[in-house]
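For reference, the structure is listed below as structure tokens.
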Ligand code: SF4
Ligand code: SF4
């Protein structure tokens, strides 16, 4: 098993510092890989990252909800150009860096979202995606 970062991630970065095996990586380029990603081969399922996420975006793989019911106001983020995700998000991350995401949508209260669709992209990031791109440690610890 592993832990999974879902599309509720807004690149706050707070989860990175608590991971004892340094297996949480920011997606790069941001427009193609908008979340942070957990290396499934390195994650030891300690659970330390879950309470650190201000957006409650992290789940164990087994408990990633297929029917997440929104409270309303949560942002869901997708790769640039994803249909239906045309709301901009701007904020500041855990390290004081500017975060701008162009392909997000704001969930309505009671809206139900299948977050299990976000599981495979986490695996793909480390198999067919950039994985541990050069400079990721400089990015998260400037
Ligand atoms: S703390 Fe949450 S929002 Fe921030 S990078 Fe980690 S998963 Fe994404
Ligand atoms: S569960 Fe533990 S090892 Fe896995 S990503 Fe989270 S903090 Fe890292």
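The values are calculated or read from the model by the stated rules, or taken from the named source; none is laboratory data. The structure presented is a predicted model; accordingly, all values stated were derived computationally and were not measured. FYI the Cβ positions are ideal-geometry reconstructions off the backbone, even for glycines, and counts take in every protein chain you see.
A single member of 100, 32 is part of a strand (DSSP E or B), surrounded by fewer than 17 Cβ atoms within 10 Å (Cβ to Cβ) and either out of contact with any helix residue (DSSP H, G or I) (no Cβ under 7 Å at 6 or more places or on another chain) or in contact (Cβ under 8 Å) with a residue 40 or more places away in the chain (or both), and it is 100. Put simply, of 81, 91 the only residue that is farther than 24 Å from residue 1 by Cβ and exposed (fewer than 12 other Cβ atoms within 10 Å of the Cβ) is 81.
Out of 12, 31, I need the residue that is under 22 Å from residue 135 (Cβ atoms) and away from ligand 1 (no atom under 15 Å from the Cβ). Which one?
Working: 12 fails: away from ligand 1 (no atom under 15 Å from the Cβ).
Every option except 31 fails the conditions.
Of the listed requirements (1) surrounded by 12 or more Cβ atoms within 10 Å (Cβ to Cβ); (2) within 16 Å of ligand 2 (Cβ to nearest atom); (3) not in a loop (DSSP other than H, G, I, E, B), residue 62 misses just one: (1). Checking each residue in segment 103-131 for being touching a helix residue (DSSP H, G or I) at 6+ places or on another chain (Cβ under 8 Å) and either at pLDDT below 90 or in a helix (DSSP H, G or I) (or both) picks out only 119.
Under the condition of being within 19 Å of residue 94 (Cα to Cα) and surrounded by 18 or more Cβ atoms within 10 Å (Cβ to Cβ), the residues counted in segment 35-57 number 7.
Among 73, 84, which is closer than 26 Å to residue 18 by Cβ and in contact (Cβ under 8 Å) with a residue 12 or more places away in the chain? Quick ask: steps written out before the conclusion?
Values: 84 fails: closer than 26 Å to residue 18 by Cβ.
Of the residues listed, the single one that is closer than 26 Å to residue 18 by Cβ and in contact (Cβ under 8 Å) with a residue 12 or more places away in the chain is 73.
Inside segment 1-29, can you point out the residues that are part of a helix (DSSP H, G or I) and near ligand 2 (Cβ under 8 Å from one of its atoms)?
Restricting attention to segment 1-29, the residues satisfying the condition of being part of a helix (DSSP H, G or I) are 16-18.
Correct list: 18 only.
Within segment 79-96, the set of residues being within 14 Å of ligand 1 (Cβ to nearest atom) and either part of a strand (DSSP E or B) or in contact with a strand residue (DSSP E or B) (Cβ under 6 Å, 6 or more places away or on another chain) (or both) comprises 89, 91, 92, 93.
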